[in-house]
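J.: To start, I am sharing the structure in question, which I have written as structure tokens.
The values are calculated or read from the model by the stated rules, or taken from the named source; none is laboratory data. Everything numeric here is computed off the predicted structure, so don't read it as measured data. Methodologically, a virtual Cβ is constructed for each residue, glycine included, from the backbone with ideal geometry; neighbour enumeration extends over all protein chains shown. The area values use the complete protein model at the heavy-atom level, side chains included, leaving out ligands, DNA and RNA. Shrake-Rupley method; radii C 1.70, N 1.55, O 1.52, S 1.80 Å.
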Amino acid sequence: MSTAITLWERYQNWLYYNDALGMYLDISRMGFDEAFVAAMRPKFDRAFAAMAELERGEIANPDEGRMVGHYWLRDADLAPTSELTAEIVTTLERIEAFVSKAHSGEVTAPNGQKFTDILSIGIGGSALGPQFVAEAIAPVDAPLAIHFVDNTDPAGIDRTIARIGDRLSTTLAIVISKSGGTPETRNGMLEAQKIFGDRGLNFAKQAIAVTGVGSKLENVAKSEGWLTTFPMADWVGGRTSELSAVGLPAAALQGIDIRAMLDGAKAMDAATRVPTLEENPAALLAMAWYYAGNGKGEKDMVILPYKDSLLLFSRYLQQLVMESLGKEKDLDGNTVYQGIAVYGNKGSTDQHAYVQQLREGVPNFFATFIEVLGDRDGASPEVEPGVTAGDYLSGLLQGTRSALFENDRDSITLTVQKVDEFIVGALIALYERAVGLYASLVNINAYHQPGVEAGKKAAAAVLDLQTKLVAVLKSADRPMTLEDIAKEIGSPDEIEVVYKILRHLHANDRGVTIVGNLGKPSTLQVSFAG
């Protein structure tokens, strides 16, 4: 690839274009050769077959005994049973009917006014997808403005509620949790219920639940008389749930055409089912990822969308890629430590942030440029003779791509005509399929997340420890050292955790008093004065 004509030929040889999608994919600036491609073809034959089995309803998550069927959401006729097909169709129709009533004023806030805002309470896939979609395609004059509680951070919750202000009385709360027991979402819901109650509002009369059938949350919603519930299917994982009841109600309430999003995903699903490497954009992405990281995730994935509306795409992809591919064990039980780290912001902001390192620093990444051909609706003024701001943005993308290539830095370029509902649905489906194919190439299960569950269990253990040590302090008749407290609760090896729990309680005036040199924890005397 030493001459311009060679680069041009390689570009044409590896350029994928889909007219129905209006999308180009260019992997020509990845350094693979024909020998590498030939070696990958048998792996892709197996990956295509495995993906086809998944779509037919094979159990993909043996430890949970469930299927993986997010692709059925946009083509219900592909679902393996008529019952599932009916569930998908009925849920979508119910979502559209509720949204229509909310927009028309048939369903209102308790004060009789139309809903003006959405308070979306969820975490992980229940937040990242809706946030990405809202940022990308919600209209500026959306019929309902959306706000998110996506963490168990009290100050963050306060800031979100403050932004809503006096409109809380016309705010529709959407609580999203498959089990109803996810701590962060439960905490957000309980905080919201108190805030609504403190203002004389009835939370239940302006709330809906998106949850599993028969879950704790569904039972609460029904017993308290919430406005309605929508089902979360057990065959849809959080990181692939945006085009399910998780994301569609909020999107539709904001005035987003959810049928167009589903159509875009359906069109992309069709394109990525083609069992031929060169004719399948998801397979081309997966091959490029495999090449970049030697099939072991040795390089990070940098996402650089050159469009403000795609600012949150890298955050969305972080969960989709890293939770799906970050696995210690492969399907045969071997320790493999797989995964691809993902980060990014947007162009050309990143050119003034970390492109310097990308070009001249540690070559531990490959970049994905996302190009949007349309600058804006309508004509653009010239900022220089014959040049618009959009021309600059395009030039900066092309220039950065060239600058990276000149220094032997690999990159992919994905080009779309514009950012709308159809394209957002297509982008979601493209990366979902690429992740699934890549997982097959490296022989891991992309559809479970034991590491996340381990973190939840560890957090629960910390909170259990907190309950015990507070009880010990309350019953003590004197100040105690950290060592004494840890021994008293039967956890002498957990003294550091004990210290951090007590420090947090002390900082928040929770009845714990700490006296002594804070820089020397072993000298501290702790008592309970609450």
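J.: List the number of the failed condition for residue 185; all other conditions in (1) in contact (Cβ under 8 Å) with a residue 60 or more places away in the chain; (2) assigned to a loop (DSSP other than H, G, I, E, B); (3) among the polar types (S, T, N, Q) hold.
T.: (2)
J.: Residue by residue through segment 495-517, note down the ones that are open to solvent by 80 Å² or more (accessible area, probe 1.4 Å), of a type outside the set (Lys, Arg) and closer than 17 Å to residue 461 by Cβ. Spell out the reasoning first.
T.: Residues of segment 495-517 open to solvent by 80 Å² or more (accessible area, probe 1.4 Å): 496, 500, 503-504, 508-510, 515, 517.
After this cut, where a residue has to be of a type outside the set (Lys, Arg) as well, the list is 496, 504, 508-509, 515, 517.
Correct list: 496, 504.
J.: May I ask you to list the residues in segment 432-444 that are out of contact with any Ser or Thr (no Cβ under 9 Å at 6 or more places or on another chain) and crowded, with 23+ Cβ neighbours inside 10 Å? I'd like the intermediate steps shown before the answer.
T.: Quick first cut of segment 432-444, residues out of contact with any Ser or Thr (no Cβ under 9 Å at 6 or more places or on another chain) only: 440-443.
Across segment 432-444, the qualifying residue is only 442.
J.: Which residue is most open to solvent (accessible area, probe 1.4 Å), if the candidates are limited to segment 43-62 and must be part of a helix (DSSP H, G or I), of a type outside the set (Gly, Ala, Ser) and farther than 14 Å from residue 240 by Cβ?
T.: 46
J.: For segment 317-334, state whether one or more residues are out of contact with any Cys (no Cβ under 7 Å at 6 or more places or on another chain) and free of Cβ contacts under 8 Å to residues at least 12 places away in the same chain.
T.: Taking every residue of segment 317-334 in turn, at least one turns out to be out of contact with any Cys (no Cβ under 7 Å at 6 or more places or on another chain) and free of Cβ contacts under 8 Å to residues at least 12 places away in the same chain.
J.: Out of curiosity, is residue 11 on the phi < 0 side of the Ramachandran plot and touching a strand residue (DSSP E or B) at 6+ places or on another chain (Cβ under 6 Å)?
T.: Judged against the criteria, residue 11 is not a match.
J.: Tell me whether segment 351-370 contains one or more residues that are more than 17 Å from residue 402 (Cα to Cα), among the acidic types (Asp, Glu), out of contact with any Ser or Thr (no Cβ under 9 Å at 6 or more places or on another chain) and assigned to a helix (DSSP H, G or I).
T.: Here is the first cut: in segment 351-370, the ones more than 17 Å from residue 402 (Cα to Cα) are 353, 362, 364.
Going one step further and asking which of them are among the acidic types (Asp, Glu), we end up with none.
Looking through segment 351-370, none of the residues is more than 17 Å from residue 402 (Cα to Cα), among the acidic types (Asp, Glu), out of contact with any Ser or Thr (no Cβ under 9 Å at 6 or more places or on another chain) and assigned to a helix (DSSP H, G or I).
J.: Right, next: If a residue has to be part of a helix (DSSP H, G or I) and of a type outside the set (Gly, Ala, Ser) to count, how many in segment 84-115 make the cut?
T.: Count: 16.
J.: Restricting to segment 346-377, name every residue that is free of Cβ contacts under 8 Å to residues at least 40 places away in the same chain and either surrounded by 14 or more Cβ atoms within 10 Å (Cβ to Cβ) or not acidic (Asp, Glu) (or both). Outline the logic, then answer.
T.: First, pick out the residues of segment 346-377 that are free of Cβ contacts under 8 Å to residues at least 40 places away in the same chain: 349, 352-354, 356-357, 361-362, 375-377.
349, 352, 353, 354, 356, 357, 361, 362, 375, 376 - these are the residues of segment 346-377 that are free of Cβ contacts under 8 Å to residues at least 40 places away in the same chain and either surrounded by 14 or more Cβ atoms within 10 Å (Cβ to Cβ) or not acidic (Asp, Glu) (or both).
J.: For residues in segment 190-223 being in contact (Cβ under 8 Å) with a residue 12 or more places away in the chain, of a type in the set (S, T, N, Q) and open to solvent by 30 Å² or more (accessible area, probe 1.4 Å), which is nearest to residue 160 (Cα to Cα)?
T.: Checking each candidate, the answer is 202.
J.: Exactly one of (1) over 21 Å from residue 176 (Cα atoms); (2) without any contact (Cβ under 8 Å) to a residue 24 or more places away in the chain is unmet by residue 113. Its number?
T.: (2)
J.: Still on this structure, I have one more. Restricted to segment 224-238, and to residues that are closer than 28 Å to residue 453 by Cα and in contact (Cβ under 8 Å) with a residue 60 or more places away in the chain, which residue is surrounded by the fewest Cβ atoms within 10 Å (Cβ to Cβ)? I'd like the intermediate steps shown before the answer.
T.: Our first condition is that a residue be closer than 28 Å to residue 453 by Cα; within segment 224-238, this holds for 229-238.
Still in the running and in contact (Cβ under 8 Å) with a residue 60 or more places away in the chain: 230-231, 233-238.
Working: 230: 21, 231: 21, 233: 23, 234: 15, 235: 22, 236: 24, 237: 27, 238: 26.
Selected residue: 234.
J.: So in segment 396-423, with the set limited to residues that are open to solvent by 40 Å² or more (accessible area, probe 1.4 Å) and in a loop (DSSP other than H, G, I, E, B), which one is nearest to residue 313 (Cα to Cα)?
T.: Looking at the filtered set, the residue picked out is 418.
Condition check ((1) aromatic (Phe, Trp, Tyr); (2) at pLDDT below 95; (3) closer than 23 Å to residue 447 by Cβ) across all residues:
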site	(1), (2), (3)
307	no, no, no
320	no, no, yes
323	no, no, yes
326	no, no, yes
339	no, no, yes
347	no, yes, no
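J.: Is there any pair with a first residue in segment 134-145 that is modelled with pLDDT of 95 or more and a second that is of a type in the set (Ser, Thr, Tyr) whose Cβ atoms are under 8 Å apart and which are 6 or more apart or on different chains, and what are they?
T.: Going by the 8 Å Cβ cut-off, the qualifying pairs are 135/309; 136/309; 137/309; 144/116; 145/116.
J.: Of the residues that sit in segment 63-102 and are touching a residue at least 40 places away in the same chain (Cβ under 8 Å) and farther than 22 Å from residue 259 by Cα, which one is surrounded by the fewest Cβ atoms within 10 Å (Cβ to Cβ)?
T.: Of everything passing the filter in segment 63-102, 63 is surrounded by the fewest Cβ atoms within 10 Å (Cβ to Cβ).
J.: Here's a check for you: in segment 435-491, which residue that is acidic (Asp, Glu) and in a helix (DSSP H, G or I) is modelled with the lowest pLDDT?
T.: Only one residue tops the list, namely 453.
J.: Here's a follow-up. So, residue 118, is that one assigned to a helix (DSSP H, G or I) and touching a helix residue (DSSP H, G or I) at 6+ places or on another chain (Cβ under 6 Å) or not?
T.: Considered against the rule, which asks whether it is assigned to a helix (DSSP H, G or I) and touching a helix residue (DSSP H, G or I) at 6+ places or on another chain (Cβ under 6 Å), residue 118 comes out as no.
J.: Any idea which residue in segment 496-522 is nearest to the chain's Cα centre (by Cα), counting only those that are in contact (Cβ under 8 Å) with a residue 12 or more places away in the chain and more than 14 Å from residue 470 (Cα to Cα)?
T.: Ranking the qualifying residues of segment 496-522, first place goes to 521.
J.: Test residue 155 against the stated conditions and say whether it is out of contact with any helix residue (DSSP H, G or I) (no Cβ under 9 Å at 6 or more places or on another chain), at pLDDT 95 or above and assigned to a helix (DSSP H, G or I).
T.: yes
J.: Does residue 29 satisfy the criteria of being over 24 Å from the mean Cα position of the chain (by Cα), in a helix (DSSP H, G or I), among the charged types (D, E, K, R) and modelled with pLDDT of 95 or more?
T.: When the stated conditions are applied, residue 29 does not pass them.
J.: Now a separate question. Please verify whether residue 164 is closer than 25 Å to residue 83 by Cα, open to solvent by less than 30 Å² (accessible area, probe 1.4 Å) and in contact with a Leu (Cβ under 9 Å, 6 or more places away or on another chain), treating the condition exactly as stated.
T.: Judged against the criteria, residue 164 is not a match.
J.: For a quick check of your reading: which helices (runs of 4 or more DSSP H) sit entirely within segment 192-310 and have at least 2 residues that are among the polar types (S, T, N, Q)?
T.: Here the list reads 216-224.
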